[in-house]
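The values are calculated or read from the model by the stated rules, or taken from the named source; none is laboratory data. Please read all numbers here as calculations on a predicted model, not as lab measurements. Neighbour counts run over all protein chains shown; Cβ positions are idealised from the backbone, glycine included. The protein model used for the area step is the full one, side chains on, heavy atoms only, and it has no ligands, DNA or RNA in it. Shrake-Rupley method; radii C 1.70, N 1.55, O 1.52, S 1.80 Å.
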Amino acid sequence: PMAADVQLGLFYPPNLVMMLLVPRITHRLLQVLCALHFWWAALGLYVCARRLRIGAAPIGRPAALLGAVAFGLSDVFVTHIGNANLVAAASWLPWSFVGLHRALHADGGAEAARWWALGAFAVGMAGLAGHPQPLAYILLLLVGYAVSMGIARVAGRGVSRSGPLSTRSLAAAPVIALVGLGLAAAALVPAWELLALTRRVALDAAAGSEFSVAPPLLSGLFVPALFARGMQRYW
């Protein structure tokens, strides 16, 4: 039952190391672990930005560093410093994305395999970290990006399913996602079994959408925290 509690992150490697080496895990130690994941997220965004291109030119170091700081100290991390599993899972997003992006643009062979492996490893770590929502966002991002690249390739050349990029676009994201989920199966399979034994299996549509974003809160896309984390009694 303890292993089936996905939010515990029992099989997440940093958690395992901490449990094996530290006799007493304190709240301060969990905060330090969160802060390290801030850094890991920022480093991932920096690596990701440096591997991208604007036209033929690479993104420069100052711009990549600015993006890294902005992402590593963004709301999803700072606001949720008390949610160690959410922070840990979200920190793997840029690593998974750069793995897919470089796999799509690699020449093939060992180079492509290394990037595919990075993407799958990042998805697996996000799954083991213990918070399903960031994992779902990562999977949506990978599939959406691969599909968009495939569409762009077909539209640009005017030939369906031609060229290495379009072929990889159809295969890379599902393979990376499935291999990554396989790496996290030790946590996800027991969690799926436990879910069927909880009250959540009987949630109706009203209860299941209780915390959905109200339309006025979409203003946060342009002015973050305009309504803080809820509109009731805020103003």
* To do: Between Ala152, Ala126, Ala117, find the one with the highest GNM mean-square fluctuation for the chain; connect C-alpha pairs within less than 10 Å.
  => Ala152
* Structure fact -> the chain, Gaussian network, Cα under 10 Å: of Ala206, Ala171, Ala112, the residue fluctuating most is Ala206
* Structure fact -> Distance in nm between Phe211 and Val189 label points, each 7 Å along Cα→Cβ, equals 2.8 nm
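Just the accessible area per residue of the range 1-103, please: how many Å² with a 1.4 Å probe? It would help to have the intermediate numbers written out before the result.
Values: 5660 Å² over 103 residues.
In whole numbers, the range 1-103 has 55 Å² accessible per residue.
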* Asked: How much of the accessible area of the range 1-120, in percent, comes from carbon and sulfur atoms when a 1.4 Å probe is used?
  -> 70 percent
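Can you compute the FRET efficiency between Ile59 and Val179 using 1/(1 + (r/R0)^6), with r the Cβ-Cβ distance and R0 = 35 Å? Round to the nearest 0.05.
Between Ile59 and Val179 the formula returns 0.80.
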* Could you run the Karplus curve 6.51 cos²θ - 1.76 cosθ + 1.60 with θ = phi - 60° over the range 133-141 and give me ³J(HN,Hα) per residue in whole Hz, x for Gly and Pro? => 5, x, 4, 5, 5, 4, 5, 4, 4
* **Integer Hz, Karplus 6.51/-1.76/1.60 couplings in order for the range 182-193, x for Gly and Pro** => x, 5, 9, 4, 4, 9, 6, 5, x, 5, 5, 5
* Within the range 1-95, trypsin sites (Lys or Arg not before Pro) in DSSP loop having at most 12 other beta-carbon neighbours inside 10 Å -> Arg24
* Which distance in nm do the two modelled labels at Leu203 and Gln31 give, with both placed 7 Å along the Cα-to-Cβ direction? -> 3.1 nm
* **Mean separation of Cα contacts under 8 Å, 6 or more apart, over the residue count of the chain: relative contact order %** => 22 percent
* How much of the calculated P(r) for the range 43-140 lies past 19 Å, in percent of all Cα pairs? -> 45 percent
* **Listed residues Ala136, Ala57, Ala187, most fluctuating in the chain (Gaussian network, C-alpha, under 10 Å)** => Ala57
* Using a simple spin-label model with points 7 Å from Cα along the Cα→Cβ vector, what separation in nm is obtained for Val22 and Leu73? -> 2.4 nm
* Structure fact -> For the chain, Rg(Cα) over 2.2 N^0.38 Å is 1.11
* Can you give the extra length, in nm with one decimal, that the chain gains between Asp5 and Ala152 once fully stretched, where that is 0.36 nm per residue apart less the Cα-Cα distance? -> 48.8 nm
